[in-house]
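Report on one structure; see the data block that follows.
The values are calculated or read from the model by the stated rules, or taken from the named source; none is laboratory data. Here the structure is a predicted model, which means the values were calculated and not measured. Every residue, glycine as well, gets a Cβ built from its backbone with ideal geometry; the counts of neighbours run over all protein chains shown.
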Amino acid sequence: MKKILSGNEAMARGAYEAGVSFASAYPGTPSTEILETIAKEYKEIHSEWTPNEKVALEVAVGASYAGARAMAIMKHVGVNVAADPLLTLPYTLVRGGIVLISADDPELFSSQNEQDNRHYARFAKIALLEPSSSQEAKDFLKDAFRISEEYGTPVMVRTTTRISHSMGIVELGDVEAKKEPSLERHPAEWVMLPANARRRHPVIEDRLADLKKLAETTPMNRMEMADAGLGIISSGVAYQYAREAFPNASFLKLGMPYPFPDEMVREFASRVKELWVVEELDPFMEEMVKALGIPCRGKDRIPVCGELNPDIIKAAITGQAAVKPVQPTLPGRPPSMCPGCPHRSMLYALRRNKCFIAGDIGCYTLGFLPPLDAIDSCLCMGAGINHAHGLSKVFGPGNEKLAAVIGDSTFYHSGITGLLNLAYNKGAAVLVILDNRTTAMTGAQNHPGTGVTIEGDRTTNIDLEGLVRSLGIQWVRTINPYQVKDARAVVKEALETQGPAVIISKAPCVLLRTGFLSGKPLVVDQEKCTGCKVCIGLGCPALEFRDEKAHISAVCAGCNVCAELCPAQAIGGAV
Amino acid sequence: MNVLMTGVGGQGTILASDVLSEIMMRYGYDVKKSEIHGMAQRGGSVMSHVRFAEHVASPLIPYGACDILLSFEELEAARYMPYVSGNTRIIINRFRLSPPTVIAGKEPYPDIIPILKERTSHIHMVDGSALAAELGNPRGVNIVLLGMLSTFLEPPESLWIETISDMLPAKIREANIKGFKRGAQLKLQ
């Protein structure tokens, strides 16, 4: 049977066909839909959102200790969070197959960097599979579990945005039975203290040699010989672009680029006249080709930065200048916080207090944009509170106004330890937890603060204020951010404490449609409007300024923040 | 055949491209489609590449190789000129959604027709949004526009209707099939 599936849907299907028992993830673009599809379509697999990626990998490892097949799914930067378990995991004994899916984001469509996670496979000394289509995305998942168990190794499947979010036709396959769990003890292989880990290190090196032999023979790596004048080594979506650009060239298509199939590469190189390596981001394969002493071209012409496409590859290899036809200058349409978003008024209240606002990862990062201009830093998940603390220690209490914002999901991900540090080391900074009751940016996933699991079960619902107090924060206020004047006053008070302070800004994300807001658009009394633009300063997409007056469109969610701010009291409910 | 669908988050562009892809698979073509998710719901620009042929390699349309550009919003039609050549047919839904700088009164909503005319003479405006509103189903504008698009593609109407019926929830099925049929009769201007 054939179906059109995205790469992410195909990987979920692949997990199902592979008889996976357990899948865990933290949401992150472009990986999110893999676990969502599993939870929706393949209920045979236990799925769970974990607070962060380190937990996701460790719980999956626990499941695999029982002999069950298990996998953890994350975006590229999530692997940084999971890097601690990842780099020791290869030392340990594999019972049930264990697979890590890393979804990279060349071009930074929705990320803070464009790191190339293929390096992690080499760093951890594990097998790396890289699908080029939805069909391969499904098939390679099954291969990954087979390799994991046969060779006793964790396997990393690396996808990118253009594989995860592109759709293609997939021929569905048979479903393998799930493995029966059994509890065993393997202390010499699972207790990684020095004496055991020292014995296990040579196991990794021997295994790598075996995996290299596999890379030479697996059908995932194949030569597609045609015109011998041009030979292209490629993987992932770059292979498809190169095929589009050079349909008659010869290809060495690597679905398993690590360990590197040296002999196959040597043979391919000997059979073609001009050799190119076409890959997105870093010269990962190119450096391995060059290490074999084989001359090739690649990153001297093909960009390291950004994603590729057929035109870039064609221009690079033919030696033409990269032609990007001229695009007219048009008003941009960047993403913005939704009409009625509770973050908007809270960020406005912070900005009006003229403090430094350390940011974090989430929808609120969009508050960086004008006119709010209310985010001063954003490094990685959980970093904002620590930036504010570090600043506070350099300046000393009372000298600078320092605040940080973090979403609820991000706070549970990696904000708790930072807040603990702020309390322990007595930083003078205000943390605003933007508690919108969901993981909004990735499409509203549940988390430990929502009281519901991905499988729809009711579960424990964290008492956020209690948690904050238990970390040692004494000054805590929970507020309704839509009452923007009050919010501004509370921020002022918090900044004046000159010690650790937390404001919980609590209102549900408008996308959840909880009924918290009326949903009825407000109107501007054109007679009363003085054209002062105070409301326009909120940057709400529902507010438009034309003919020297403010106007409110039908997308207004009725949050009333602009009405509260309007000096002329010109904004009110529909008559 | 390369179809580029463009619009603004929330207009149903991605669902429309899902439906088109499914139809082309059922019709017997290899199909690939690519788009960017994630921030689409936040009111940003959305584009979806749909490619179908005997065999499709790249999920992205090469520059200048777009056969039909179907834009759900006027300004968004002009944003993807690198994909347009003199052979491209551009179909634009008559609907304007002001971007942030226009909302803030910093610049006017641009006149896009001259930009498009520099590339191709095959430019059509259609009143998809007005028709969807007239039918009492403003959110169904995506299926109305698919109806209009269907008149330029090979598959018979029956396959379109069957596929739409399979893919849309029962609650909105009838209204959308009606929208599809009316869309197929939309006049090109």
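Below, the figures for the structure above:
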| read-out | value |
| --- | --- |
| Filter result for the condition that a residue is in a loop (DSSP other than H, G, I, E, B) and under 30 Å from the mean Cα position of the chain (by Cα), over A:558, A:519, A:531, A:515 | A:515 |
| Sole exception among (1) in a helix (DSSP H, G or I); (2) within 30 Å of residue A:29 (Cα to Cα); (3) away from chain B (no Cβ under 14 Å) for residue A:204, by number | (2) |
| Where residue A:64 falls short, out of the listed (1) touching a helix residue (DSSP H, G or I) at 6+ places or on another chain (Cβ under 8 Å); (2) buried (at least 24 other Cβ atoms within 10 Å of the Cβ) | (1) |
| Every residue from the stretch A:535-575 that is surrounded by 15 or more Cβ atoms within 10 Å (Cβ to Cβ), touching a Pro at 6+ places or on another chain (Cβ under 8 Å) and at negative phi | A:536, A:537, A:538, A:540, A:541, A:542, A:552, A:553, A:555, A:556, A:557, A:559 |
| Of all residues in the stretch A:345-371 being in contact (Cβ under 8 Å) with a residue 40 or more places away in the chain, in a helix (DSSP H, G or I) and more than 12 Å from every other protein chain (Cβ to nearest Cβ), the one that is farthest from the chain's Cα centre (by Cα) | A:352 |
| From the options A:514, A:497, residue that is hydroxyl-bearing (Ser, Thr, Tyr) and either within 14 Å of chain B (Cβ to nearest Cβ) or over 25 Å from residue A:449 (Cα atoms) (or both) | A:497 |
| Test: residue in the stretch A:16-36 that is free of Cβ contacts under 8 Å to residues at least 40 places away in the same chain and either under 17 Å from residue A:160 (Cα atoms) or in contact with a helix residue (DSSP H, G or I) (Cβ under 7 Å, 6 or more places away or on another chain) (or both) | no |
| Test: residue B:82 is at pLDDT 95 or above and within 8 Å of chain A (Cβ to nearest Cβ) | no |
| Residues being within 14 Å of chain B (Cβ to nearest Cβ), of a type in the set (D, E, K, R) and in contact with a Leu (Cβ under 6 Å, 6 or more places away or on another chain) - total across the stretch A:229-281 | 1 |
| The stretch A:145-161 residues that are touching a residue at least 60 places away in the same chain (Cβ under 8 Å), paired with ones that are among the charged types (D, E, K, R) and part of a helix (DSSP H, G or I) (beta carbon under 7 Å, 6 or more apart) | A:151/A:207; A:151/A:210; A:153/A:207; A:158/A:118 |
| Qualifying residues in the stretch B:137-161 (those that are over 23 Å from residue B:123 (Cβ atoms) and out of contact with any helix residue (DSSP H, G or I) (no Cβ under 8 Å at 6 or more places or on another chain)) - the one surrounded by the most Cβ atoms within 10 Å (Cβ to Cβ) | B:156 |
| Which listed residue is of a type outside the set (Gly, Ala, Ser) and more than 14 Å from chain A (Cβ to nearest Cβ), from B:115, B:61, B:91, B:103 | B:91 |
| Tally, over the stretch A:328-344, of residues that are among the small types (Gly, Ala, Ser), crowded, with 22+ Cβ neighbours inside 10 Å and within 9 Å of chain B (Cβ to nearest Cβ) | 1 |
| Filtered residues of the stretch A:104-155 (kept if of a type in the set (D, E, K, R), part of a loop (DSSP other than H, G, I, E, B) and farther than 30 Å from residue A:365 by Cα) | A:125, A:130 |
